[in-house]
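The values are calculated or read from the model by the stated rules, or taken from the named source; none is laboratory data. Note that the coordinates shown come from a computational prediction; the quantities given were computed from them, not determined experimentally. Virtual Cβ from ideal backbone geometry, glycine too; neighbours counted across all protein chains shown.
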Amino acid sequence: MNAFEAALRDRRILVTGHTGFTGGWLVLWLRALGCRVTGLSLPPNTTPNLFTAARIGDCVESRIGDIRDFGTVRAAVDAAQPEIVFHLAAQPLVSTGFDLPLDTIATNTLGTAHVLEAARLCPGVKAVVCVTTDKVYADHAAAEGYVETDPLGGADPYAASKAAAEIVAACYAATMAPRGNGCRIATARGGNIIGGGDWSKDRVVPDFVRALVSNAPLTLRRPGAVRPWQHVLALVHGYLCLAAALLEPGDRPLDAFNFGPAEPGAVSVGELVERLGKTWRRPEIGLTEGHFPETGLLQVNSGKARRELGWEPALDLARSIELTAAWYRDYYADPAAARALTEAQIADYRRRLTPVERTAAAG
């Protein structure tokens, strides 16, 4: 077992957004560590979905509620009495942000404030990992990858709401948590993720899967757009490393961290689709004009997480694509196997990790 896993073993943990794609993978990894997990989230919003397919509800104390309501959040935190909070609950889609801007801002910004306020008022909370996105940066198409000190921005409601959540989290870390229980707070800015169990709209892998299973064409909006693709487990791994670091004694500064792939993880949408097609099957490809603006080049520099947290993704892009295709292919062959598929891929990822202490971070 790695040092970061040992630090989290058997802890009481609250995961907001546990009914979502990333939340489900996080819950199952935490359960593999013996953690007592409570979840707070809205019901799953797609059919199928990972929460139902993999029976996530069987291994978590599940509370269905809206983080836009502070009373709901406070009650969930007080009931769970967590030591660690992973805040993933969000409106996660750029396209929905244009359709529902006020809901997006209320969920992603005010909802984050609700979670942080409830966490600081709960005596046992020691650490909060607040998940945002790589889209929090002011767009200047940085070919070398955005770093954590680059200016925040957001030209669309989703990005703006997440950038605002970063500011709220920094405020709570600097001035509000010390006026409460003293919990430590840091943010995680993740790149674009792939992996089994995502059926969200307007995402390339779910769209690819839907096209294959329905024998329909796959319509792409911007095949030339470059994104930092990584497997969902690499991002979950980063969240766990960050949580473990927040639990360490001392006052080593921990604030915001990028979690993105090493080169050549950032490739175009079109190349990702072609590589998925070679691993599984290739649907007919069509093009359409996007109904919302998107950044052409998005890359993040994750050197800080590697240096300070000892985080190193255990999967390259080729293996990430293989695992993603294999999960969906095996799921559609036997939907009842979703839980076993997910747990097997978590176990495989954990075996790939080098069990070393994070000496670099300690220095």
| field | Single match in Gly250, Gly277 (criterion: of a type in the set (Gly, Ala, Ser) and at positive phi) | value | Gly250
| note | Quick count over segment 286-295, residues being touching a strand residue (DSSP E or B) at 6+ places or on another chain (Cβ under 7 Å) and either modelled with pLDDT under 85 or surrounded by 16 or more Cβ atoms within 10 Å (Cβ to Cβ) (or both), is 2
| Mind checking which residues of segment 85-102 are in a helix (DSSP H, G or I), within 26 Å of Arg227 (Cα to Cα) and out of contact with any helix residue (DSSP H, G or I) (no Cβ under 6 Å at 6 or more places or on another chain)? | Ser95, Thr96, Phe98, Asp99
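A quick yes/no check of all residues on (1) surrounded by 24 or more Cβ atoms within 10 Å (Cβ to Cβ); (2) closer than 14 Å to Ala325 by Cβ; (3) touching a strand residue (DSSP E or B) at 6+ places or on another chain (Cβ under 6 Å):
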| site | (1), (2), (3) |
| --- | --- |
| Leu212 | no, yes, no |
| Leu242 | yes, no, yes |
| Pro253 | no, no, no |
| Pro261 | yes, no, yes |
| Arg275 | no, yes, no |
| message | Take Glu61 and tell me if it is in contact with a strand residue (DSSP E or B) (Cβ under 6 Å, 6 or more places away or on another chain) and modelled with pLDDT of 95 or more. | response | yes
| task | Just name the residue that is farthest from Pro253 (Cα to Cα) out of those in segment 307-340 that are aliphatic (A, V, I, L, M) and over 19 Å from the mean Cα position of the chain (by Cα). | result | Ala333
| field | Pick from segment 28-50, criterion part of a helix (DSSP H, G or I) and touching a Phe, Trp or Tyr at 6+ places or on another chain (Cβ under 9 Å), ranking: farthest from Arg203 (Cα to Cα) | value | Leu30
| said: For segment 105-152: of the residues being buried (at least 24 other Cβ atoms within 10 Å of the Cβ) and assigned to a loop (DSSP other than H, G, I, E, B), which is farthest from the chain's Cα centre (by Cα)? | reply: Val125
| Residue check, Ala80 under 23 Å from Cys171 (Cβ atoms), modelled with pLDDT of 95 or more and not charged (D, E, K, R) | no
| field | Test: Thr19 is assigned to a strand (DSSP E or B) and touching a Pro at 6+ places or on another chain (Cβ under 8 Å) | value | no
| Criterion (at positive phi, touching a Ser or Thr at 6+ places or on another chain (Cβ under 8 Å) and of a type in the set (Gly, Ala, Ser)) met by exactly one of Gly197, Gly260, Gly190 | Gly197
| said: Looking only at segment 39-75, how many residues end up being over 16 Å from Phe21 (Cα atoms) and buried (at least 23 other Cβ atoms within 10 Å of the Cβ)? | reply: 2
| query | Tell me, which helices (runs of 4 or more DSSP H) lie completely within segment 302-363 with 3 or more residues that are more than 27 Å from Glu148 (Cβ to Cβ) and modelled with pLDDT of 95 or more? | reply | 317-333, 338-352
| Between residues in segment 35-58 that are of a type in the set (Asp, Glu) and residues that are assigned to a helix (DSSP H, G or I) and modelled with pLDDT of 95 or more, which pairs lie under 8 Å by C-beta distance while being six or more apart or on different chains? | none
| message | Checking Arg210 against (1) outside any strand (DSSP E or B); (2) in contact (Cβ under 8 Å) with a residue 12 or more places away in the chain: exactly one of these is not met. Which one? | response | (2)
